[in-house]
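Enquirer: Quick one: this structure, given as structure tokens, is what I'll be asking you about.
The values are calculated or read from the model by the stated rules, or taken from the named source; none is laboratory data. In this text the structure is predicted, and so the values were computed from the model without any measurement. Here the Cβ is made from the backbone with ideal geometry for all residues, glycine too, and neighbour counts use every protein chain on show. Ligands, DNA and RNA are excluded from the accessible area calculation, which covers all protein heavy atoms including side chains. Shrake-Rupley method; radii C 1.70, N 1.55, O 1.52, S 1.80 Å.
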Amino acid sequence: MNELSKLMKKMGIQRKYIFLLLLRSPFDALRAWMLANLMKAVFLCLEACDGGRLWVVCITYGLICALLFFYNGTVWSFYAAFSAKVEAGLQRILLRRLMSLPLKQVDGRFGAEWITRLNSDVQAVNMMMSGPLNLPHAVVSVINTMLSSFLMLGSSRLLFVVAWVFIIPHLFLNYGVVLKYAPKWKKKAQRAVAESTAAIKPLVTEAESILLYDAGELMMEKYQESSRRLMKLNLGMQMRNALSSAVLRLFGCGGFFAMLAVGYTLILKGRMPLAEVMYCLQVRLSILTGMFMLFSSINNIKANSVCAQRANDALEKEGDYEG
């Protein structure tokens, strides 16, 4: 996050970006509140056998849902325009910086590394700022999880405790399995991409010389080796992400059945109506959705922060950073 903050300051977009985040942040929290209250109102109408009131509830919440999605679509349209400008501006800044460097410093690196910084790193930074399951969704998921937790706590402290008993273990497992290693694996993957690009470039630009010295097989072996290394790194990251998702769903199903059992007991004892139990189950779903979104976003942010650091490294010396 520090690297991204430095980069946004250099580009002069920090205030505008924070403003867009604030515009986007209430959507999921309001949607969670709406769905939970809709579930509660529907079951109250069903218990009272009140069809007329049920129609009113459905139409009212349908209009609220349409307004929320219209608001969300409008905000994301601003995000799309902002995202395109950021990507073009960052590429322009990095290219300007590259052109201002001494030739000796430019030749001291692989040409493929500069290509990676101008393309892959810029795209990763832009994805981190505006893409799905990155920083915008991380902010949204935190607000959504906090609001949903307060809603459940106000409805039933017992069900609140049961829900979080199954969520907290996944927090520690996700950190130990994925988050702790994500930046290191992403950095290795970026290096492997640069090496793979550097290995294949001579096959195109120096094809005649390679044929003359009969070095085609040697060059292909070098390219295949770098490609296999990149494949293994990406496979390792995907395996860790898959394990994290599997554990989340395991605890999610366990928490659901536990809440059903506790809720059934409360209904039998007359301590809570069915509508209130369904309300808590819907709120729990919002908490799980927010936590799943947060885990995925943090994983992607930590991985993409490596690219933000590389972009900052290219701009760390004095120069003109205005896009």
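Enquirer: Of the residues 297, 244, 227, only one is in contact with a Ser or Thr (Cβ under 7 Å, 6 or more places away or on another chain) and surrounded by 18 or more Cβ atoms within 10 Å (Cβ to Cβ); which?
Expert: On inspection, the qualifying residue turns out to be 297.
Enquirer: Just one of 87, 113 is at pLDDT below 75, surrounded by 17 or more Cβ atoms within 10 Å (Cβ to Cβ) and either of a type in the set (Phe, Trp, Tyr) or part of a helix (DSSP H, G or I) (or both); which is it?
Expert: On the way: 87 fails: at pLDDT below 75.
Going through 87, 113 in turn, the sole match is 113.
Enquirer: Could you say which residue among 92, 53, 97 is part of a helix (DSSP H, G or I) and surrounded by 18 or more Cβ atoms within 10 Å (Cβ to Cβ)?
Expert: The conditions single out 97.
Enquirer: Please work out which one of (1) surrounded by 14 or more Cβ atoms within 10 Å (Cβ to Cβ); (2) more than 21 Å from residue 139 (Cβ to Cβ) is the condition residue 283 fails and give its number.
Expert: Unmet condition: (2).
Enquirer: Quick one: which residue in 148, 156 is touching a Cys at 6+ places or on another chain (Cβ under 7 Å) and either closer than 30 Å to residue 276 by Cβ or at pLDDT 75 or above (or both)?
Expert: That would be 156, the only listed residue that is touching a Cys at 6+ places or on another chain (Cβ under 7 Å) and either closer than 30 Å to residue 276 by Cβ or at pLDDT 75 or above (or both).
Enquirer: Shifting gears a bit: Only one residue in 244, 227 is farther than 19 Å from residue 292 by Cβ, hydroxyl-bearing (Ser, Thr, Tyr) and at pLDDT 70 or above, so which one is that?
Expert: 227
Enquirer: May I pose another question? For the condition assigned to a helix (DSSP H, G or I), under 22 Å from residue 20 (Cβ atoms) and out of contact with any Pro (no Cβ under 9 Å at 6 or more places or on another chain), what is the one hit in 63, 30, 46?
Expert: Being assigned to a helix (DSSP H, G or I), under 22 Å from residue 20 (Cβ atoms) and out of contact with any Pro (no Cβ under 9 Å at 6 or more places or on another chain) holds for just one of 63, 30, 46, which is 30.
Enquirer: Being among the hydrophobic types (A, V, I, L, M, F, W, C), open to solvent by 50 Å² or more (accessible area, probe 1.4 Å) and closer than 30 Å to residue 298 by Cβ is the requirement here; does residue 33 meet it?
Expert: yes
Enquirer: Any chance you could count how many residues in the range 251-262 are modelled with pLDDT under 80 and open to solvent by 30 Å² or more (accessible area, probe 1.4 Å)?
Expert: 1
Enquirer: OK, next. Given the conditions (1) among the aliphatic types (A, V, I, L, M); (2) open to solvent by 20 Å² or more (accessible area, probe 1.4 Å); (3) at pLDDT below 75, and given that residue 182 satisfies all but one, which numbered condition is not satisfied?
Expert: Of the numbered conditions (1) among the aliphatic types (A, V, I, L, M); (2) open to solvent by 20 Å² or more (accessible area, probe 1.4 Å); (3) at pLDDT below 75, the odd one out for residue 182 is (2).
For every residue, the table says whether it meets (1) aromatic (Phe, Trp, Tyr); (2) in contact (Cβ under 8 Å) with a residue 24 or more places away in the chain; (3) surrounded by fewer than 21 Cβ atoms within 10 Å (Cβ to Cβ).
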site	(1), (2), (3)
120	no, yes, yes
124	no, yes, no
127	no, yes, yes
136	no, yes, no
143	no, yes, yes
150	yes, no, yes
159	no, yes, no
